[in-house]
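Working notes, structure below.
The values are calculated or read from the model by the stated rules, or taken from the named source; none is laboratory data. As the structure is a prediction and not an experimental result, all values here were calculated from the model. So basically every Cβ, Gly included, is an ideal-geometry build from the backbone, and we count neighbours across all protein chains shown. Just the protein is used for accessible areas: all its heavy atoms, side chains included, with ligands, DNA and RNA removed. Shrake-Rupley method; radii C 1.70, N 1.55, O 1.52, S 1.80 Å.
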Amino acid sequence: LLNAGFAVLWVLSILFLAFFIHLCTGRSVQSFRDDMAILRSMGIPVRTVKISVYVRMFLAMIPAVLAVFLAAFLIFRSPKANPNFTYLPWWGYLLIVLGMILLTWRITARQMKKLFSESVRKNLAGGDAQ
């Protein structure tokens, strides 16, 4: 019963993180909407614009990955904190990084669908039809 409770807590925490990342990336991508409309109106291929948004999102993930490894290293080196934490094996950290990549990829793909659902004209006008 305790393991089932931990599993439910784990799933809820993953859902919360996915929602939080979706909210943050949504704001970031929406702030890029005007720039993207200008790039599209200048004739830059849609594929290039999409790749640039993905690269932007993955570059934003680098500090989070570094923070995870820095926190693990500092806790490992601290004599007071070390006995209080159980360490993950190497594949646990790999799963965390792969999960972050998967969430970022999926959420960015959904944001891109929203951005490219409107025409260039609407994006340039700020979402208002003219």
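Matching residues to (1) open to solvent by 80 Å² or more (accessible area, probe 1.4 Å); (2) within 16 Å of Gln111 (Cα to Cα):
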| site | (1), (2) |
| --- | --- |
| Arg27 | yes, yes |
| Arg56 | yes, yes |
| Met61 | no, no |
| Leu70 | yes, no |
| Thr86 | yes, no |
| request: Examine the range 48-55 for a residue that is within 12 Å of the chain's Cα centre (by Cα) and modelled with pLDDT of 85 or more, and state whether such a residue exists. | output: yes
| Which is surrounded by 13 or more Cβ atoms within 10 Å (Cβ to Cβ) and not in a helix (DSSP H, G or I), of Ile44, Ile107, Ile75? | Ile44
| message | Here is a list: Ala67, Ala60, Ala4. Which entry is free of Cβ contacts under 8 Å to residues at least 12 places away in the same chain, under 22 Å from Ile101 (Cα atoms) and part of a helix (DSSP H, G or I)? | response | Ala67
| query | From the list Ser78, Ser117, which one is under 23 Å from Val46 (Cα atoms), more than 16 Å from the chain's Cα centre (by Cα) and not aliphatic (A, V, I, L, M)? | reply | Ser117
